[in-house]
Amino acid sequence: MKAYAARRLASAALVAVGVTVGTFLLLHVEPGDPARLVLGEHASPSEVAALRHQWGLDRSLPHQFVRFLGDLAHGNLGTSYVDKVPAATLIEQRAGLTLALVVTATLFSVLITVPLAAAAAARRDRPVDHAVRGLSVFGLGLPAFWFGIVLIELLAVRSHVFPVGGWGSSVQDHLRGLVLPGLTAAFGIVPILVRSLRVGMIEVLDADFVATVRAKGIGERRVLFAHVARNALVPTLTLLGINVAFLVGSTVVVEQVFALNGLGSLLLRSITDRDFPVVQSVTLVMAAAVVVVNLLTDLVAARLDPRIRLG
Amino acid sequence: MSNLYDKPLSRRDLVRYGAAGAAVVTLGSLPGVSRAAARRPLDALAGTPKHGGTLKFGRSVAPTQLDPANSIIAGDVYTLDKIFEPLYITSPAGKLTPWLATGYDVSKDRKTFTFHLRPGVKFSDGTPLTAADVVFSIDRARKNSKGPLSFLDGAITSLEAKGTSDVIAHLSAPWAPFLSDISVFANGILPANFGGKTEAEFFANPIGTGPFTVSGFKSDATSLTLKRNPNYWQAGKPYLDAVEFDFVDNDNQRVLQLRGGQVHISDSIPPAQVASLKAASNLTVGLYPAWEVDLLVFNEQDAKYADRHVRRAITYAIDRNALVHAASFGTAKPGGSFFPPSLQYYAKGTSILGPSLAKAKAELAKSSFATGFKTSLLIDGGVQKWRTFAQVIQQQLKPLGIDVTIRALDHAAFEAAFQKYDYELFIDYAINDISDPDEMASFEVDVKNGGSKSYWSNYDNPKAIALVRKAQAEFDPGKRAKLYAQIQELVAQDAPFVPLDYPPYIYGVSKQVNGFAVNPGGAYRLEDVWLA
């Protein structure tokens, strides 16, 4: 187990480094001058040059990258060009919301996936199964922002059950404000999870050991939950881990649709404004989060299924 | 800008400045009686103002800071102008109105202005406004090398306080736009020396003479609450207890919040949503004339567009009515003169070339490119309206044998490209920050002194430039009007750019709200607003 964990940790670190370098290169390769954007159209070339110098943008790319890594090693994520506060402050202010959103979305996706997949697997090829599979194909093609707007229209604008956007100030408001966005984000990954879990459960249901268990006279309910689920769970858990990356990415769109001030909308805004330090920092934080989640799911899966850590 | 439907999501380079300006002549009178009604949809609701309540206002851009001398984006400007006020402001009709000053005297040589301060004005902490505060604030703004609008104070050589209630401004030369310049939001008045605090401390808890105050300002907030200033110099105002700005940069979400009753007012309504909002029984839509023009710009560094006949041919071929119909859903007016109708000294009689395909072809035949050519049109891809414009223009130029490729870039890349002259044609908007037309005239015509080489077109007509500079020093309104009429006609005939349309500011307002109006610079004062 230890060897497996060590291997996974090493590759996780490599991924984080790769994301950082890739983001840096992409940012600096694309056209657009943050100094110009901040100073406006009336700024003279010398004013723009002075600001670029202040931000170190007039140095060579390798120099800038080394400087960024150096700052990072000291825990300095840089200062926002636009808001002129440390990027770390902006991230701190917003991370809680995105974390809550991702957790909510994950919860919703599990709560929706398990019953649907179980129902479909248990009643294979019957109407329930077809309905679930059909819905899941439909869901695969569903654009998140459209679905979110429909939810807002039906459940917020017309019936005031949930707020139209934002997440308010009290804990109660927060919870209410996360329901629709959480559902929207969850629906992005539910179709794939349902299909995966359904297939996994069917495979297991057909397995010999299940026939044995049934022959022993154990009730269908126990067969499903005690035996089938655990075995079908592992591939789905891995898939969930991968999909958390998708969830984190989808916060960029979902937060826009619901006017949530999280890391996703910060990232989008910073890219448009060419706010390099903030883009770097947010990407790094998101990448780190995704990597950690994947690491954890891999470790849990390895714990559940010895074949993974020994193979 | 209000019509930024589908702008690059999130922070946009809304170069909007609320401004005040001089208006000797009421050129706020716009074509059509319906304009007057649209300008103030809610003043028609008679009734005594009710005191109290919190106005909830959905805004597309959040403020990053509150220093008037350093502000340029809409988020900053339309927040700090509730806290800091200048000596003069621009009314919703576009007229210069005495504000912290009650009037002024000007010397015979027009180089010395003496402003008389309004008696009894206090800052929100109770300290009285004095001439020293005015001198400090405007000196600070004009001497700020990083200030985006410090160029507007360029005519001032020095300021001095005369006693506690008079301020003398010395100018380098007679400068007709001066009163207008003085009223820009960047010249808002703060206490001298920040009332003893450090600059950073001061702007976290700013003190101004304005109707509202802010405590504990933090940038990157989702919302900001402004409280009523009990020491405000207009007795009985503001009527509201507080204003809550909610910053929602996604257009759809903001409109939904308005419809769902989460906010009373929303700025920047996409033109496509105007009809459905008008149909809602609890809402109205305000279309406010703006000092704004959308332009198709020709790069005269390119041989094709250095040729006047080519530019005129293209201008003849563009049907602006069709453009407006396709892209603005009936909210904008088709373009003509490069001055918008709401701007002082707009000349109604300015020639409009076209639309006429026959004349376009005749004009092209006189050029060196009579058989047509291939060209590219650069646009900010995030703005839906310009995508539509580009497609319509592409169609309209085909019969001339001009093959247009649309080059859509994201906002920052777009700005970088045209500012480097890396374009053949491009579309963007031009605005005037103040009521005096000199800003637009210089920026777009004075290739050397205007600051942008004639809006990045390189248009160089010495006759037009001479007229612009003459108008800057002309104080007689009649003569000045004639000069600007000549300039507009020259530009119309030379066609360095094609004014495509005049977009209005579009606001969605709940019927509960009274007294809300927006001036042509995009600024709205909130001390007159009350909730029914």
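Here are a few things to note about the model shown:
- Options B:Asp294, B:Asp249: the member that is crowded, with 22+ Cβ neighbours inside 10 Å, within 23 Å of B:Asp428 (Cβ to Cβ), within 14 Å of chain A (Cβ to nearest Cβ) and not aliphatic (A, V, I, L, M): B:Asp249
- So A:Asp298, is it of a type in the set (Asp, Glu), under 30 Å from A:Ser80 (Cα atoms) and out of contact with any Asp or Glu (no Cβ under 8 Å at 6 or more places or on another chain): no
- Selection within region B:75-93 - touching a Phe, Trp or Tyr at 6+ places or on another chain (Cβ under 8 Å) and outside any helix (DSSP H, G or I): B:Asp81, B:Lys82, B:Ile83, B:Phe84, B:Glu85, B:Pro86, B:Leu87, B:Tyr88, B:Ile89, B:Pro92
- Taken over region A:232-277, the criterion of being within 18 Å of A:Trp167 (Cβ to Cβ) and either in a loop (DSSP other than H, G, I, E, B) or touching a Cys at 6+ places or on another chain (Cβ under 8 Å) (or both) is satisfied by A:Phe258, A:Ala259, A:Leu260, A:Asn261, A:Gly262.
Residues are listed down the side, and each one gets a yes or a no for (1) surrounded by fewer than 19 Cβ atoms within 10 Å (Cβ to Cβ); (2) touching a Lys or Arg at 6+ places or on another chain (Cβ under 7 Å):
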position	(1), (2)
B:Gly372	yes, no
B:Leu378	no, yes
B:Gln391	yes, no
B:Val404	no, no
B:Leu409	no, no
B:Phe414	no, no
B:Tyr423	no, no
B:Asp428	no, no
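- Sub-9 Å Cβ pairs linking a first residue in region B:71-92 that is within 14 Å of chain A (Cβ to nearest Cβ) to a second residue that is hydroxyl-bearing (Ser, Thr, Tyr) and surrounded by fewer than 24 Cβ atoms within 10 Å (Cβ to Cβ), at least 6 apart or interchain, are B:Ser71/B:Thr64; B:Ile73/B:Thr64; B:Gly75/B:Thr64; B:Asp76/B:Thr64, ordered by first then second residue.
- The one condition in (1) away from chain B (no Cβ under 14 Å); (2) outside any helix (DSSP H, G or I); (3) of a type in the set (A, V, I, L, M, F, W, C) that A:Leu57 fails to fulfil: (1)
- Against the test of being away from chain B (no Cβ under 14 Å) and in a loop (DSSP other than H, G, I, E, B), the options A:Gly182, A:Gly166, A:Gly217, A:Gly200 yield a single qualifying residue, A:Gly217.
- Residue match in region B:485-506 (condition: free of Cβ contacts under 8 Å to residues at least 60 places away in the same chain and buried (at least 22 other Cβ atoms within 10 Å of the Cβ)): yes
- Tallying residues that are outside any loop (DSSP other than H, G, I, E, B), of a type in the set (D, E, K, R) and closer than 18 Å to B:Val77 by Cα within region B:233-254 yields 2.
Every residue, every condition in (1) under 23 Å from the mean Cα position of the chain (by Cα); (2) surrounded by 15 or more Cβ atoms within 10 Å (Cβ to Cβ); (3) charged (D, E, K, R); (4) at pLDDT 85 or above, yes or no:
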{"position": "A:Leu97", "(1), (2), (3), (4)": "yes, yes, no, yes"}
{"position": "A:Thr113", "(1), (2), (3), (4)": "yes, yes, no, yes"}
{"position": "A:Arg133", "(1), (2), (3), (4)": "no, yes, yes, yes"}
{"position": "A:Trp146", "(1), (2), (3), (4)": "yes, no, no, yes"}
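- Enumerated helices (runs of 4 or more DSSP H) restricted to region B:321-422, each holding at least 3 residues that are at pLDDT below 95 and within 14 Å of chain A (Cβ to nearest Cβ): B:411-419
- Failed item in (1) in contact with a strand residue (DSSP E or B) (Cβ under 7 Å, 6 or more places away or on another chain); (2) more than 14 Å from chain B (Cβ to nearest Cβ); (3) not polar (S, T, N, Q), with A:Gly75 passing the rest: (1)
- Within region B:233-251, residues that are closer than 20 Å to B:Glu85 by Cβ and in contact (Cβ under 8 Å) with a residue 12 or more places away in the chain reach no partner that is small (Gly, Ala, Ser) and crowded, with 21+ Cβ neighbours inside 10 Å with beta carbons closer than 6 Å at six or more positions or on different chains.
- Scanning region A:212-226 for residues that are free of Cβ contacts under 8 Å to residues at least 60 places away in the same chain and under 30 Å from the mean Cα position of the chain (by Cα) yields A:Phe225, A:Ala226.
- Whenever a residue of region A:28-52 is within 23 Å of A:His63 (Cα to Cα) and more than 7 Å from every other protein chain (Cβ to nearest Cβ), its partners that are assigned to a helix (DSSP H, G or I) and of a type in the set (D, E, K, R), lying with C-beta atoms within less than 6 angstrom and at least six residues away or across chains, give the pairs A:Ala35/A:Arg52; A:Val48/A:Arg36.
- Top-ranked residue in region B:82-126 [being modelled with pLDDT of 95 or more and among the acidic types (Asp, Glu); ranked as nearest to B:Ser158 (Cα to Cα)]: B:Asp105
- Here A:Val234 passes the criteria (1) surrounded by fewer than 21 Cβ atoms within 10 Å (Cβ to Cβ); (2) within 18 Å of A:Leu107 (Cβ to Cβ) except the one numbered (2).
- The residues of region A:196-214 that are loosely packed, with under 14 Cβ neighbours inside 10 Å and not β-branched (Val, Ile, Thr), listed by number, are A:Asp206, A:Asp208, A:Phe209, A:Ala211.
The values are calculated or read from the model by the stated rules, or taken from the named source; none is laboratory data. Treat the numbers as computed from the prediction; the structure is a model and nothing was measured. For neighbour counting, all protein chains shown are included, and Cβ atoms are generated from backbone atoms with ideal geometry for every residue, glycine included.
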